[in-house]
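Working notes, structure below.
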Amino acid sequence: MDVGIGLPNAVPDVDRAGTVDWARRAEAAGFASLGTIGRIAYSNYEELISLAAAAAVTERIRLVTDILLAPLRTNTALFAKQTATLDSLSNGRLVLGVAPGGREDDYEVSGVDFHERGKIFDRQLEDLRTLWAGDEVGPPPANGARPRLLIGGSVDAAFRRAVRYADGWTLGGGTPDALAQGAARLEERWKAEGREGSPYKMALFYFGLGDDAEMHARQDLGHYYASLGEEIANRIVSSAATDAGTVKGYLSAFEQAGADEVICFPVSTDPGQVELLAEAAL
């Protein structure tokens, strides 16, 4: 199982060091991927721009959106061009995890109908397939077809989309048991569709290590998930891995559940978290 590390693009006060320096150190430490979390109505760094900055200072590490809220990119041709450009510039390192998301404020500020997001997403996936494969907007992605694609979500429609359009599925936040259950549903649909091989399966969890790790978890995750209510936000805060033993336990549990890759997302912008996680996870 591959182990990735998230960029702190959704952590308050993220800056250049938490993007460029972080990316360099993540590659040097041996992580398989760099991940980003997507929001619009939040004070975070935009994910494609963050990954472009990371691509410019790295050579090997994969660049993953986990996830990007695709229906908010209302100009699908422009979105196809942006992602193909990033994939080409990085020599095929982009892994595009996409989903509709579930936060109404992101849709409201974007002028997109929240209740139509599923239909918008389905049309967009069809259009992206055509745009990436053709020469109408260009440039061609690195492999000439499309970037590597994962679909996020746990509803039936997410698995349908993953089987029809993508290379696999990303759970996003969730437990190893949730990954195992989702993976079983995905594999069943994959075979029924006649797809060859096995779909790629990805998960994530939050971490903070060293001094004040629990404080950073409360500040970052408590703020980010405040809109879900205090009970849910506190549950997410308490689930963050704040010691090496918990990091190892989570990784082992996800591997046993069938994950091909797990991305560990930070609750701090301190680039020193990269080496602390590498000591615990690699």
For region 2-281, averaging the sequence separation of alpha carbon pairs under 8 Å that lie six or more residues apart and dividing by its residue count, the contact order in percent is 21 percent
In units of 2.2 N^0.38 Å, the Cα radius of gyration of region 38-114 is 1.12
Lys and Arg at +1, Asp and Glu at -1: neighbours of T76 with Cβ under 10 Å from its Cβ sum to +1
For K119, counting only lysines whose alpha-carbon sits under 29 Å away and dropping same-chain residues fewer than eight positions off, the answer is K81, K191, K201
Put in order of increasing Cβ neighbours within 10 Å, starting from the fewest, I37, I236 give I236, I37
Hull volume per residue for region 98-203, using the convex hull of the C-alpha atoms, in Å³ is 121 Å³
For region 144-210 (alpha-carbon point model, no solvent) the Debye-based log₁₀ I(q)/I(0) at q = 0.11, 0.18 Å⁻¹ works out to -0.27, -0.63
Semi-axes a, b, c in Å (a largest) for region 1-58, each sqrt of 5 times a Cα gyration tensor eigenvalue, come to 19, 12, 9
Note on region 2-281: C-alpha Rg/Rh, Kirkwood Rh, two decimals, gives 0.94
Taking N as the residue count of region 187-275, its alpha carbon Rg divided by 2.2 N^0.38 Å gives 1.33
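No lab work stands behind these numbers, since they all come straight from the coordinates. In this text the structure is predicted, and so the values were computed from the model without any measurement. Virtual Cβ from ideal backbone geometry, glycine too; neighbours counted across all protein chains shown.
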